[in-house]
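Below you'll find the structure, written out as structure tokens, and then a few comments.
The values are calculated or read from the model by the stated rules, or taken from the named source; none is laboratory data. No experiment lies behind these values; they were computed from the predicted model shown. Virtual Cβ from ideal backbone geometry, glycine too; neighbours counted across all protein chains shown. What goes into the accessible areas is simple: the full protein's heavy atoms, side chains included, and nothing from ligands, DNA or RNA. Shrake-Rupley method; radii C 1.70, N 1.55, O 1.52, S 1.80 Å.
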Amino acid sequence: MLSVPTLVSLLLLAVPNAVYASPCVTFDADFNLLAFGFNGKDWNAGQQDSWTSGSATDITTSGRPPFDGTNTTCYFAQFFNAVYFINADKSKPSDVHIYDAGAKSWSTQATNLNNFDPASFNTILDHDTNVFYALSHNEVYFLDMGGLKSANATALDWTDVQKSPFPDSYQPVMALAQNHVHFLDVPDVDAGSADIFVIHFSFFQPQSQSYPLPDGSAFPKTHGQTASFFQAQGVQQEFAFIPDDGAMTYVINVETNTTKTIAGPSTKDPNSQYSASITALVQLDSKGSVSFIPYKQGDDSANAAAAWSAVQKIAAVAPASSTASSGSAGSSGTSKSGSATGSHQSGTNTAAAAANPSNTAGTNGAMTNAIGFSGVASALMAVVALMQ
């Protein structure tokens, strides 16, 4: 008969010892595509015309976070050529990590949460003010990043602005354009319309705004993800809305108050993250695959013909399977050494889960390994029972 210590030892051997990564993608000021937390490393895939061949450049360096949070999100501060990260270190969820893309250096900014919940929120980073505006448990918060390209010694405050006008059950879908936060899929608001929070005056507009398609139809009233298209100069004027079913991509223009459509992503994954440059929309799916569709602002015919392609430069160095099951390259820690492409949501996406109940997004390989461990443990217990 096996002794209990021997059985415990066998069970411990079955426990996966990898740290599961939570990667993210964004851009720098030259619109090089940056991929963080992939295969335990960080990568620069270069500019859009080079994405479909070759290999990304390793930019991993000291001071980076472990990228082991439940849902790491990153935000490009265009004016400052910096990237801010939330939930990149599960042991310090209040920290905001900063990557200075020009200096290629990391630092860690402490914050005071003040009831802001980093496990349940959605946020955008405003282009002009470099301020995060977030909805957490139906409260509007802001976090002013100032001109930070590296952390300072004083903790920054998440500040509670006001309670939102939405019901507590609302799962926020937020997008940034023209220094306004657009809320989609709001209860009692029609399909094709958004409620708007005016950043510079810190108030909700009393009336919703509609954005009809050319034929008079509307984008659907449903949960989804967003990404705002940058401009060479000035604030974003358009954002992409990708419903959880991925059937179509809707591009909302807040200057003309209209909506156009482009192809939905090839991978239908409600837990994908999206980022945008001036000329591309990028998808990072929950298995770690990165793809893009080219986009030319104002060119309807080119956009209608555009198709999604894999970013081969990232796949060459960090295949999706390894990205989903790898963590830090051992260079976590801190270094002493500002608008978002879209909004990002942290916490459980129940709408996405309902849309795709078999999806294991967000587990980053943990679900597969948990099932594997369960199977091994059951087999070992069966062997023990036979030997008794």
Packing-wise, with mean Cβ within 10 Å as the measure, how do 216-227, 64-75, 126-137, 198-209 rank, highest first? 64-75, 126-137, 216-227, 198-209
Under 24 Å from the Cα of residue 92 - lysines, other chains or at least 8 residues apart: 41, 104, 149, 336
Roughly what would the spin-label model give for residue 117 and residue 255, points 7 Å off Cα along C-beta, in nm? 3.9
Could you tell me the number of lysine pairs in the range 191-304 with C-alpha atoms less than 19 Å from each other, where the two lysines are 8 or more residues apart or belong to different chains? 4
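Could the peptides 167-175, 298-306 be put in order, highest first, of the mean number of other beta-carbon atoms found within 10 Å of their residues? Numbers along the way, then the final one.
On the way: 167-175: 16.9, 298-306: 12.6.
Sorting 167-175, 298-306 by mean packing, highest first, produces 167-175, 298-306.
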Can you tell me the length gained on complete extension of the stretch residue 159 to residue 307, counting 0.36 nm per residue apart and subtracting the Cα distance? 49.1 nm
Whole number please: convex hull volume per residue of the Cα set in the range 10-142, in Å³? 145
Counting only protein heavy atoms and a 1.4 Å probe, tell me what percentage of the range 78-159's accessible area is made up of carbon and sulfur. 49
Residue 232 and residue 62 label points (each 7 Å along its Cα→Cβ direction) are spaced in nm at 4.1
At residue 29 and residue 50, where each label point lies 7 Å from the Cα along Cα→Cβ, what is the point-to-point distance in nanometres? 1.9
Which whole-percent values make up P(r) of the range 211-287 when all C-alpha to C-alpha distances are grouped in 10 Å steps starting at zero? 19, 52, 26, 2
